[in-house]
Amino acid sequence: MSQVLHTPPPTQVPADDDLTALAARHGLTVSGARPTLPEYVRQLWARRHFITAFATAKLTAQYSQAKLGQIWQVMNPLLNAAVYYFIFGVLLGTSKGVPDYIPFLVTGVFIWTFTQSSIMAGTRAISGNLGLVRALHFPRASLPISFCLQQLQQLLFSMTALVVIILSFGIPITPRWLLAIPALILQSVFNAGVSMIMARWGAKTPDIAQLMPFVLRTWMYVSGVMWSISKLTKKDNLPHIVTVMLETNPAAVYIDLMRYALIHSFHGKQLPPHVWAAATGWALLAGIGGFIYFWKAEETYGRG
């Protein structure tokens, strides 16, 4: 007796287009897909409380193991200023011809430290927090922004020492001090934008974090932290392109604006031409450009 085997008809595998249409019909989306830019901004705004709390927590924990605690927030830039004063002000003589050199120097150190620390923290924002990035779903731009906010909080905390130093040298409080507010806002936007650029680079190549201290140290030396750019650019033997590069250096622009706001002897003639336009342009270029640049790689962070 022969047994007849019935072969079941082959099943038809749905095409990719059919699966895509089926997923869209039921509201399914690709896991980890990058949201649109407006949606990304909305998600980021919805996490604003997390960004603030994360920045405050990092600031509080930064010196929690030190005996002097949060006093180091003020001591670190002051000690740096003391070292720079001895090397550049005393040994190299850059203080000659610069009125109120100590307030001049301390202001430069504090404002530069804000930019330097923001960029360094931004470089490690993704690569140094992979556990958080892989465990939770949130806009990754929250991390570099929160680190910049942490550095801004630290600057505002340490500004009390800067104010004491300025007043102790007989520099009066004038309405120009109000200019420090828009200057800090523009610098904060610039720092956040550059931090997001460096966060994307650091996420792909963590070794960049080892290179950045050398890059930032070089940038500091050409930013007029310890010496007067306006005094140097008055020399006739300086090439015009070098003068333009020194005057439009974004770090130098924000430092000079803060010096003009706080130090009475720092006159408007010492500011580069169109200084507020330059400060605003750098903030918009870095802030908007850095944000879009970071957003374009949103789905890649924490993978691989």
query = For GLN116, all conditions in the list (1) open to solvent by less than 20 Å² (accessible area, probe 1.4 Å); (2) at pLDDT 85 or above; (3) under 24 Å from CYS148 (Cβ atoms); (4) part of a helix (DSSP H, G or I) hold save one; what is the number of the exception?
reply = (1)
task = Can you tell me which residue among GLY69, GLY97 is farther than 30 Å from GLY289 by Cβ, at pLDDT 75 or above and either loosely packed, with under 15 Cβ neighbours inside 10 Å or in contact with a Pro (Cβ under 7 Å, 6 or more places away or on another chain) (or both)?
result = GLY97
key: Boolean, PHE138 is over 15 Å from GLN62 (Cβ atoms) and touching an Asp or Glu at 6+ places or on another chain (Cβ under 9 Å)   = no
message = Pairs please, first residue from the stretch 39-52 and of a type in the set (D, E, K, R), second anywhere and not in a helix (DSSP H, G or I), Cβ atoms under 7 Å, 6+ apart in sequence or on different chains.
response = ARG47/PHE138; ARG47/PRO139
request  = Would you point out which residue out of MET196, MET159 is at pLDDT below 90 and in a helix (DSSP H, G or I)?
outcome  = MET159
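Matching residues to (1) among the small types (Gly, Ala, Ser); (2) in contact (Cβ under 8 Å) with a residue 40 or more places away in the chain:
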position: SER195; (1), (2): yes, yes
position: GLY224; (1), (2): yes, yes
position: LYS231; (1), (2): no, yes
position: GLU247; (1), (2): no, no
position: ARG259; (1), (2): no, yes
position: HIS267; (1), (2): no, no
position: GLY302; (1), (2): yes, yes
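The values are calculated or read from the model by the stated rules, or taken from the named source; none is laboratory data. Values in this document were obtained by computation on a predicted structure and should not be read as measured data. Methodologically, a virtual Cβ is constructed for each residue, glycine included, from the backbone with ideal geometry; neighbour enumeration extends over all protein chains shown. When the accessible area is computed, the model is the full protein with side chains, heavy atoms only, and any ligands, DNA or RNA have been set aside. Shrake-Rupley method; radii C 1.70, N 1.55, O 1.52, S 1.80 Å.
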